[in-house]
1. Hey, if you drop one equal point scatterer on each alpha-carbon of the stretch 259-413 and run the Debye formula without solvent, what base-10 log of I(q)/I(0) do you get at q = 0.12, 0.16, 0.19 Å⁻¹?
2. Return the percentage of antiparallel bridges among DSSP beta bridges fully within the stretch 2-172, rounded to the nearest 5 %.
3. Equivalent ellipsoid semi-axes for the chain, as square roots of 5 times the alpha carbon gyration tensor eigenvalues: give them largest first, rounded to whole Å.
4. For the chain, set up a Gaussian network in which alpha carbons nearer than 10 Å are linked by springs, and say which option among Ser88, Ser30, Ser258 fluctuates the most.
5. Using +1 on the beta carbon of Lys and Arg, -1 on that of Asp and Glu, and nothing else charged, what's the dipole of the stretch 259-413 about the Cα centre, debye to 20?
6. Report, to the nearest 10°, how far helix 391-412 tilts away from the longest principal axis of the Cα atoms in the chain, using its own Cα long axis and a range of 0 to 90°.
7. Compute the relative contact order of the chain as a whole-number percentage, counting only Cα pairs closer than 8 Å that sit 6 or more residues apart in sequence.
8. Could you check which residue among Arg341, Arg106, Arg23 shows the biggest mean-square fluctuation in a GNM of the chain with a 10 Å Cα cutoff?
Amino acid sequence: MNAEILAVGSELLLGQITNTNARFISNQLSELGINVFYHTVVGDNAKRLEQAIEVAESRADLIIFSGGLGPTKDDLTKETIARHLGVSLEFDEVALTYIEQFFAKRGRPMTENNRKQALILAGSEILANYHGMAPGMIFKNNNRTYILLPGPPKELEPMFQFEAKPKLAAMLNDGGIIASHVMRFYGIGEAELEVQVQDILDAQTNPTIAPLASDGEVTLRVTAKAETEQQAQQLIAAKVAEIQALVGDYQYGVDDDSLVSKTVEMLVDNNLTISAAESLTAGLFQSELAEIPGVGNALIGGVVTYAAEAKVKHLGISQELIDTHGVVSGECAAAMASAIRKQFGTNIGIGLTGEAGPTAHDHQPVGTVWIGIAINDEEPLTYLLHLSGMRNTNRLRAVKFTCHYLMQRLEERGYTKRY
């Protein structure tokens, strides 16, 4: 099955919002083994939308629409598709009742145009919307499948994942199972990873393996088809073991894990506490940790010591050390990590210093980053990075590398890590 994703909305063309829906849907379709060859964006114009539909029909047997299901005049996806296919629109009574109850509970009058959200293509299979008003739908016509989804990601993503995706899987596999497992790697480039597992990639049949690189990370999606979930998981497990035997040292997590979430998980699982002294990241490391629920059991606190005098005053780093080695140095990062660990009484202290850019500082080239990690009473370890990128990209990468190195050091010391 070949698919095209057709996003409807002038706000996308004007750059007012980003088309994250297409990325999400493509990612989900790849798990099903469905090829996506085109992403199309068209504004709120019936004529241009119909032209886009005709083009999509010439090259795809699955067309997925996002947006244009709302109550206003410029929401015209359903109407345009119905006219194009010669299908009538009818009210879905379940959706209409929900919309009426929504307004009644809030004591607000329901305008007539809100009824429009309950309209569906006659004969379509309904996709329930548990996070909004307009239902989605699947409509089949002449060996072609049309899927209509709402535009807001908070509505589209759960609708596709839990309503549309299982139905697509059943259509593809005659009731069989398609299962996927994502392996996440850091500290190795996409090209190098591919070289390491090239023999496995060349020999792939079932399961299939799809590499993907993003923000300095690399993922491998392992997808298996089988008659039962158990059989699919057995196929996946065998292939995962092969891959881990080659590049397992670089794997930090699976599926929806992130470097930060796995770091927090590892800290909490092992009853470890952490504090941080940050210069170039200016609190970004602690901010990223704070995004993860449960981090309060591990993150105790920290300081931002951006200027050299702040490092002296608030961390007690000697002026002699700074004069001798500079603030962008391994010696400074180590001193920051040790000082913050002692100051906050934590198991782990992190020191981050460097030159994010765009101009050089302290006689160090842009992209120079030093990471200091102090664990208990051990001598602090330091790591030097030479990053290339925009200022804030370098800051975020410094945070990710800190998580990467910290998890490695903890594993070496026997602390447990879940996969």
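1. -0.43, -0.79, -1.11
2. Working: 11 of 28 bridges.
Around 40 percent of the beta bridges assigned by DSSP in the stretch 2-172 are antiparallel ones.
3. 49, 26, 20
4. Most flexible of the set in this elastic network: Ser88.
5. Computed charge dipole of the stretch 259-413: roughly 300 debye.
6. For helix 391-412, the angle is close to 70 degrees.
7. Values: 783 pairs, mean separation 41.2, N = 419.
Contact order relative to length: 10 percent.
8. Arg106
The values are calculated or read from the model by the stated rules, or taken from the named source; none is laboratory data. Keep in mind it's a predicted model, so treat the numbers as computed, not measured. Methodologically, a virtual Cβ is constructed for each residue, glycine included, from the backbone with ideal geometry; neighbour enumeration extends over all protein chains shown. The accessibility values were calculated without ligands, DNA or RNA, using every heavy atom of the protein model including side chains. Shrake-Rupley method; radii C 1.70, N 1.55, O 1.52, S 1.80 Å.
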